[in-house]
Each structure stands twice: as C-alpha cells, then as structure tokens.
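In what follows, a single structure is set out as structure tokens and then discussed.
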Amino acid sequence: MSSSRGVTSIQLGDGSEDDRLELPGQPYALALWNLIIRPPRRRYDLARLGPSEFRLWSARVKRVDIDLRSSRGMTLKCSHFLSKALAEGAPGAEPGPCVMYLHQNASCRLEALNLVPLFIPLGISLFCFDFAGCGESEGEYISLGWFERDDLAECVDYLRKSGKVSAIGLWGRSMGAVTALLHADRDHSIGGMVLDSPFCNLSTLASELAQSEYLAIKVPSWLLSGALALGRMRIQSLCGFDIDQLTPEQHVGDTFIPALFIHGNDDDFIGPHHTKKLFEAYNGDKELELVDGDHNSPRPPFLNRKAVLFFCRAFRCNPAPQGDDSGNLARLLGFEAFGLDGGLDQPRMNRHLILEAAKQLALIGSGPPPSREPGGHGASWPAPGLGERKQVFTPFRAEGALQLSDPLAEAGFCICAVPLPSEYGGPSRPPEVLVAYVAADGLHLARASEGGREVLKSTKSRLDL
C-alpha cells in the first residue's frame, strides 16, 4: 500500500505497479458520496489485455485498441475483439453482430475478457471500454450511469461508422446495466440487453447504503435525511448531476428491446428487489434469472451460456462456430470447438488431442512453402517426415546434424508450445507450432498455421551444395 497526492494505492497480487486499486486519500468509508462517485479505481497493466492477435480453436482473433473522445472531452480507452479476417478486411468477411460489455463501478474493461472465447467463434465481436473515471480512461469521478450513457453513445456511434458491425447488443453489470437501461429508451435499434444487478432508483440505493456495512459508521435513522441531503449537494458540486434524477425505473416503461435480467440472491450492495422491480415494469420481451452469489461473484458457466444463446436469438444468428476453414483448427481436426473455446459444453481439451493438433500443424508447416510451388516444384515435394518427439517443461537446448542433399531440401525442428489458460483465450487454448529450419538460402523461423507456414524471421546465407 502506498499514498501520494491524496490517493491511496493498493497493489494487486503479483502484478506490475500499474495493476492496483486507487482509493481517495480521505477516510474513505466515512463518506457516503465516495460509494457513489469515487469507488476504488481499478488500474492495470495494459499487458493484461493479452496479445493483439491470438488463436482460438475455431477462430483467429485480433484486438483493435481505440481512443475515443467523450462528449465531456475525456479520452475513453476501448478495445474491439473481432475475427482477424474481419479486422483486416479479408475478401468475403462481412460485418457481423457485436456485443458491447459495460463494466461495474469499481472495475474496467478487463472484466469482459472471459467473454471473448464465447462470442468470437460464433461470428459475434466483443467491444469493451473503460468508462470515464474508471480504469485507464480520463476523468476523476463516475456517475453510476448518468454521464456513462453518453460515453456509451459515443462508442455505439463509432461502431456503427466502422463498417465492421451490423447489430449491437449490450451486456452490462451493476453500473453498466443501469447505463444500458438509460441508453436503451433513446436508441431502439439495440438488438438485445443482458442486465446484471441494476438498481431501480439511486436515492433509494443511497438510503440503503447509508445504513449498510459498507460505511464504517452507519447513519442512524434520525439523521438519514440530513446525511442524504449533504451527500446529494456534495455530488452535485463535484460531478454536476442530481442523484434524485437518476431513476432507471422511469426508463423501462418506454423500452421494448429484448432483455435478460440477472441478480445474485445474496447481493447486499444492490439488493435483488431492485432488479425485480425493474423486471416487473419492463415493457419489452424479458427473462429473469436469480442466481447464487453476491454483487461481485463470478457468474456460473450455465448463466454465461444462457446469455450467449440469448444474444444469438436476439441477433438471429446460429449458435455454432461460423465462417470457413480459415483459422478453424478444430474443423481441420474434425471436431467442433464451441465448448472448447468457451468451456461451456465439452470437457477441456485433453493431452491426446493437443498433441494431435500439434502434429497436424507440424505436418502442414513442414510442407512446401508457397515460394516453391511455381514451376511445379511443389507438386513433387516429398511428404514431410517427423522424427523423435521430446516433451520438456524447462529451458532446453536441441542440437542435431542436418544434411541437405538437394537445393530445395529443408531440415530442422518443430517446436510445439501449449499456452496456459488465460482470461482472453479461455481454459483450453490450442498449441502454437514453430518450425526452425535450415535451407540452401539460410536459416528460417516460421509459424505453422492451417494455411501453411508463415515465415517470421530469416537469416540469408547462401549455402554451396
């Protein structure tokens, strides 16, 4: 823990100095307004977003990072996860539906990472961003939806102008769910919404928090009205909005977008009665799911699956991996990967299938390179041979004597790296196969993929054969 410029920082786990929670330096829990406009701020190392490109079993993914400017002039840090083919404008890549994830009040866009392997294989892209005053975006305070709806509108406008997106859905949690509701009654083109733990009225919530365990000293009943009036004035002076006007319950009557409401039965921050009241007043097609857990509990896999299938119905898209065989390693091996990428239906990938996938990639990567095919050389290329296999878990050194008997011959090593589970890639990620080889024109390092080999680095040194 450290303090500077009136801010207290709490380091998180073994992360870098950028991976931390920031709290106001004043006695935090004594101020009711801090629970509303300045909760702990989730800072993070940008490396936590993962690589800009990576592979799932059924798709190649590219993350596009964008800086947008909010209506209040603040920079919003955003990320759009989509198929590599769509991101790069490959022939035949058509715009597809997109789910926008809206995070909680003391959170950031990292909250959305575990949804990447659920949506991308289905041809649905995922957009997430840090609200102003959260994560790495600019701004000092939040407003639990009041100004966040304008941040959301800027992001929706960007996606509609990008040419990469057709329909748009919203998945919000807590503050994000309220933001979705406040935006939905002014944008009826939204395809569907998942609303996890919204509140129905901020004044009501403030009254409940004032007498909860979240304050170091509970406000006695006889002092409650005075404390709320003080908090209301303080929030108006710092943030410029009136908590008495933040009433999502007044917005649901004019909204007809299909919605899935979710709430934890043990939530003592925003009680389940808030969501039940919103659900009863909602005029659109609606579903309600009450689950075990509190306000911050991870949602169970079955619920994530239900939410994904809800969006598939709202978008009228097929809940199965989409697209052609490009980037679909699972289809190359003869099985579908929805459960593998998302960890929903099928058991995690076993060792045998991982090795089989690595072998197939090694065979493809050891085949004739595209540069050898013109002139008929590729047609006479002999079947590649794979030699002895070694499994290692520590740094290693491989040595071998390689003999090239033909100007077109190649020889070398295939290296299979099995990635660890990750937030962005799911619990069972496919292997990466590298091919390090020597040829008559020098040394080469390539990556094996479904379409052949991709040369990463070459050292030209003509060998006299």
Subset of the range 421-442, residues surrounded by 22 or more Cβ atoms within 10 Å (Cβ to Cβ) and among the charged types (D, E, K, R), comes to Arg429
*asked:* Quick check on the range 190-203. Is at least one of its residues on the phi < 0 side of the Ramachandran plot and open to solvent by 40 Å² or more (accessible area, probe 1.4 Å)?
replied: no
Within the range 413-437, the count of residues that are outside any loop (DSSP other than H, G, I, E, B) and under 30 Å from Glu111 (Cβ atoms) comes to 4
Output yes when any residue across the range 97-109 is in a helix (DSSP H, G or I) and under 27 Å from Arg43 (Cβ atoms), and no when none is.
yes
Q) Right, Ser162: over 27 Å from Cys78 (Cα atoms), open to solvent by 10 Å² or more (accessible area, probe 1.4 Å) and among the polar types (S, T, N, Q) or not? A) no
(request) Tell me, please, whether a residue that is closer than 16 Å to Leu118 by Cα, at pLDDT below 90 and acidic (Asp, Glu) can be found in the range 322-336. (result) yes
Condition check: open to solvent by 10 Å² or more (accessible area, probe 1.4 Å), at pLDDT below 95 and either assigned to a helix (DSSP H, G or I) or on the phi > 0 side of the Ramachandran plot (or both). Does Asn114 satisfy that? yes
Scanning the range 255-306 for residues that are among the aromatic types (Phe, Trp, Tyr) and either in contact with a Pro (Cβ under 8 Å, 6 or more places away or on another chain) or closer than 21 Å to Asn201 by Cβ (or both) gives Phe261, Phe269, Phe279, Tyr282
Within the range 438-465, restricting to residues that are assigned to a strand (DSSP E or B) and in contact (Cβ under 8 Å) with a residue 40 or more places away in the chain, the one that is nearest to Ala330 (Cα to Cα) is Ser449
The number of residues in the range 205-227 that are under 27 Å from His251 (Cβ atoms), free of Cβ contacts under 8 Å to residues at least 60 places away in the same chain and touching a helix residue (DSSP H, G or I) at 6+ places or on another chain (Cβ under 8 Å) is 3
Checked the range 128-138 for anything open to solvent by 10 Å² or more (accessible area, probe 1.4 Å) and in contact with a helix residue (DSSP H, G or I) (Cβ under 9 Å, 6 or more places away or on another chain); matches are Glu136
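So is Gln250 in contact with a Gly (Cβ under 8 Å, 6 or more places away or on another chain) and either surrounded by 15 or more Cβ atoms within 10 Å (Cβ to Cβ) or at pLDDT 85 or above (or both) or not?
Criteria not met by Gln250.
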Screening Asp187, Asp267, Asp242 for residues that are closer than 25 Å to Arg305 by Cβ and not aromatic (Phe, Trp, Tyr) leaves only Asp267
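Conditions tested, residue by residue: (1) open to solvent by 50 Å² or more (accessible area, probe 1.4 Å); (2) closer than 18 Å to Ala106 by Cβ.
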| residue | (1), (2) |
| --- | --- |
| Leu126 | no, no |
| Asp150 | no, no |
| Glu154 | yes, no |
| Leu181 | no, no |
| Asp187 | no, no |
| Leu205 | no, yes |
| Ala227 | no, no |
Checked the range 61-94 for anything surrounded by fewer than 12 Cβ atoms within 10 Å (Cβ to Cβ) and basic (Lys, Arg); matches are Arg69
Within the range 31-60, restricting to residues that are among the charged types (D, E, K, R) and not in a strand (DSSP E or B), the one that is most open to solvent (accessible area, probe 1.4 Å) is Arg48
Restricting the range 269-304 to residues that are touching a Leu at 6+ places or on another chain (Cβ under 8 Å), without any contact (Cβ under 8 Å) to a residue 40 or more places away in the chain and not in a strand (DSSP E or B), the one least open to solvent (accessible area, probe 1.4 Å) turns out to be Pro272
query: Asn318: at pLDDT 80 or above, more than 24 Å from Leu434 (Cβ to Cβ) and open to solvent by less than 80 Å² (accessible area, probe 1.4 Å), yes or no?
result: no
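The values are calculated or read from the model by the stated rules, or taken from the named source; none is laboratory data. Every value quoted in this text rests on a predicted model; they were computed, and no experiment measured them. Note that we place each Cβ from the backbone using ideal geometry, even for glycine, and neighbour counts take in every protein chain shown. Side chains included, ligands, DNA and RNA excluded: accessible areas come from the protein's heavy atoms. Shrake-Rupley method; radii C 1.70, N 1.55, O 1.52, S 1.80 Å.
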